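Take a look at the structure below.
The values are calculated or read from the model by the stated rules, or taken from the named source; none is laboratory data. Bear in mind that the values here come from a model prediction, so they are computed numbers and not experimental data. All Cβ positions, even for glycine, are placed from backbone atoms using ideal geometry, and neighbour counts span all protein chains on display.
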Amino acid sequence: MATGADLLVQALYDHGVRVIFGMPGSHTIAIYDALARHGGIRTILCRNEQAGAFMADGYARVTGWPGVVCTTAGPGATNALTGIAEAYGDSMPVLLIAGQVNRSKVGKETGSYHEIDLEGIFRPCTVYCDTAASADDGPEMVDEAFTAMISERRRPAALFFPQDLLAQPAAAAPTNPADSYEHRPLSGHALGLAAALLRQARRPIILAGGGTVWSGAGQELKQLAERLDCPVITTLNGKGILDERDRHSLGHARSARAKAALPHADVMLAVGCRFTEVTTWFWKLRVPERLIQIDIDRTVIGVNYPAEVSIVGDATEALVGLIELVPSQSSEWDAIWDAARQAKPTEPEWFIDTLRAELPENAVVVTDASEMALRMHTDWPAYAPRTFFYPSTYIALGWGYPAAIGAAAALPDRPVVCVAGDGGFVMTCQELATAVRYQLQLIGIIHNDSAYGAMKSLQRRFYGERYIDVELNNPDFVKLAEAYGLPGTRVHGPEEFAHALRQALGRRGPSLIEVPDEWRSLRVS
């Protein structure tokens, strides 16, 4: 007879789960046994549960479907908390499956090992959180979690299963995975107001956020930009929704090209964008007074910038509605647009130029929080959605390499690159073992300045160069790579970097490239 664990595993499979990241523990060993007997879901063993949650996050970002991490109770689950909070901050659907103490002991404080109130801990950073009360509960809980995670704004969920219920016989229950999810109907009145404002605009501009990517609104976005004859800029999570080589694209909202154009815009259409602190650089972004904001989550509209017109709904559906109401028109962008397109970064960077030149167009680039990643926000040319990633709101240091593992596990036939600083990389460098274990096509690149570079910069600029706890003692990264069983290379300058990238791209399995801090003295014009 099926057990509670069997029902849970089958429900996950029915909802499209084919990979689970995590680590078995005594409270979830029944789940892992059920996974082994089921055979339809691949497991990826992480070396720390925080990294496992980051992996599930990376998987979700590249696939557009929830990533799943499984941990034991207590410290296993709380190790994953930072990863779940990261997913919550960036609006990513990540499902945590965790064990719990026996059902009769939940909430009793009897001294059971790994005992803690997991719902109380995870509820603030999940859209759905529940604990099984019987062995039969798994399918319904999975249904509820998936509906909550992906029906509107993407957010993580957490499900907890007492270990005794996982091993108990359970009555098979059907699961109800939805093929699609209904969105709340759009307001025709709001669409009409927005269309009227766009028709009156002389220099409209579109800001596309992560909501456009999750909605798959790329074609509609391009069509509306062509009708309005206007530029498109993006947030971090929206990068690539319009190919940055397209004539209408001015790249990231803080790029030199976008900054040159924004002061001249008279109306902004913001789609699936929350105007976060990172995107707006401490809310200093110059947003036109006449703002139309579209978002599936009504609670984010007008929070940081007042919206003249608010449209609550799915990005694609809203854009389709506007396309029907806005005829093709000319704008007054021509002279300004030409100048904006020619705007260049103040400090052109050979690292970015070389990496972009050597990588195939379909490569996925995952960046950890670092000084180089800050440059890549604005200067990395993204050619398609879901090809450039950064932990853009919660910004957990060490996220990059595990998230890249998740991406590489999801996309075995595409190269995946992680760009990290030395400080962040060391936080999760044990996951080199995971990349080697599964022979993932993953190139790790470490910019090594032997410091927490962003913090050192702040101490240099604002605290009289009093450097406190920002300078690091690092391992030899080439030897570290070799100790884990993958090739490591240290490069000096663009030619060596390009050669190392070509070698890594032609090699099966993971590689590691260290770029010492001398890149600062190798600017290109």
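Looking only at strands (runs of 3 or more DSSP E) that lie completely in the stretch 21-134, which have at least 3 residues being of a type outside the set (F, W, Y) and more than 22 Å from G406 (Cα to Cα)?
Details: elements: 42-45, 67-71, 94-100, 128-131.
In the stretch 21-134, 128-131 are the strands (runs of 3 or more DSSP E) which contain 3 or more residues that are of a type outside the set (F, W, Y) and more than 22 Å from G406 (Cα to Cα).
Just one of (1) out of contact with any Lys or Arg (no Cβ under 7 Å at 6 or more places or on another chain); (2) without any contact (Cβ under 8 Å) to a residue 60 or more places away in the chain; (3) over 26 Å from E244 (Cα atoms) trips up Q459, so point out which.
(1)
Condition (residue is in contact with a strand residue (DSSP E or B) (Cβ under 9 Å, 6 or more places away or on another chain), farther than 19 Å from Y13 by Cα and outside the structural domain of I294 (by TED's automatic domain parsing)) applied to the stretch 138-153: is it met by at least one residue?
So far as the stretch 138-153 goes, yes, one or more of its residues are in contact with a strand residue (DSSP E or B) (Cβ under 9 Å, 6 or more places away or on another chain), farther than 19 Å from Y13 by Cα and outside the structural domain of I294 (by TED's automatic domain parsing).
Inside the stretch 96-113, can you point out the residues that are surrounded by fewer than 21 Cβ atoms within 10 Å (Cβ to Cβ), in contact with a helix residue (DSSP H, G or I) (Cβ under 7 Å, 6 or more places away or on another chain) and of a type outside the set (K, R)?
N102, S112
When the stretch 278-320 is examined, which residues are found to be in contact (Cβ under 8 Å) with a residue 40 or more places away in the chain, within 18 Å of I395 (Cβ to Cβ) and surrounded by fewer than 21 Cβ atoms within 10 Å (Cβ to Cβ)?
If the condition is that a residue be in contact (Cβ under 8 Å) with a residue 40 or more places away in the chain, within 18 Å of I395 (Cβ to Cβ) and surrounded by fewer than 21 Cβ atoms within 10 Å (Cβ to Cβ), then V278 is the only one that fits.
Here is a list of conditions, (1) farther than 21 Å from L236 by Cβ; (2) in contact with a Ser or Thr (Cβ under 9 Å, 6 or more places away or on another chain), and A256 meets all of them except one; can you say which number that is?
(1)
So which residues in the stretch 329-349 are under 17 Å from I205 (Cβ atoms) and not acidic (D, E), if there are any at all?
Filtering the stretch 329-349 down to residues under 17 Å from I205 (Cβ atoms) leaves 329-341, 343.
Q329, S330, S331, W333, A335, I336, W337, A339, A340, R341, A343, listed by residue number.
Just name the residue that is surrounded by the most Cβ atoms within 10 Å (Cβ to Cβ) out of those in the stretch 203-232 that are of a type in the set (A, V, I, L, M, F, W, C) and part of a strand (DSSP E or B). Walk me through how you get there before you give the answer.
Initially, the stretch 203-232 is screened for residues of a type in the set (A, V, I, L, M, F, W, C), giving 205-208, 213-214, 217, 221, 224-225, 228, 230, 232.
Those left that are additionally part of a strand (DSSP E or B): 205-208, 232.
Values: I205: 27, I206: 28, L207: 28, A208: 31, V232: 26.
The selected residue is A208.
Given the conditions (1) farther than 17 Å from I446 by Cα; (2) among the β-branched types (V, I, T); (3) surrounded by 13 or more Cβ atoms within 10 Å (Cβ to Cβ), and given that I468 satisfies all but one, which numbered condition is not satisfied?
(3)
Within the stretch 161-184, is there a residue that is under 25 Å from A80 (Cβ atoms), out of contact with any strand residue (DSSP E or B) (no Cβ under 8 Å at 6 or more places or on another chain) and in a helix (DSSP H, G or I)?
Taking every residue of the stretch 161-184 in turn, at least one turns out to be under 25 Å from A80 (Cβ atoms), out of contact with any strand residue (DSSP E or B) (no Cβ under 8 Å at 6 or more places or on another chain) and in a helix (DSSP H, G or I).
Return the residues of the stretch 186-202 that are assigned to a loop (DSSP other than H, G, I, E, B), closer than 18 Å to I233 by Cβ and of a type in the set (A, V, I, L, M, F, W, C); say none if nothing qualifies.
The first filter runs over the stretch 186-202 and keeps only residues assigned to a loop (DSSP other than H, G, I, E, B), leaving 186-187, 201-202.
Now drop any that are not closer than 18 Å to I233 by Cβ, which leaves 201-202.
Residue satisfying the conditions is A201 alone.
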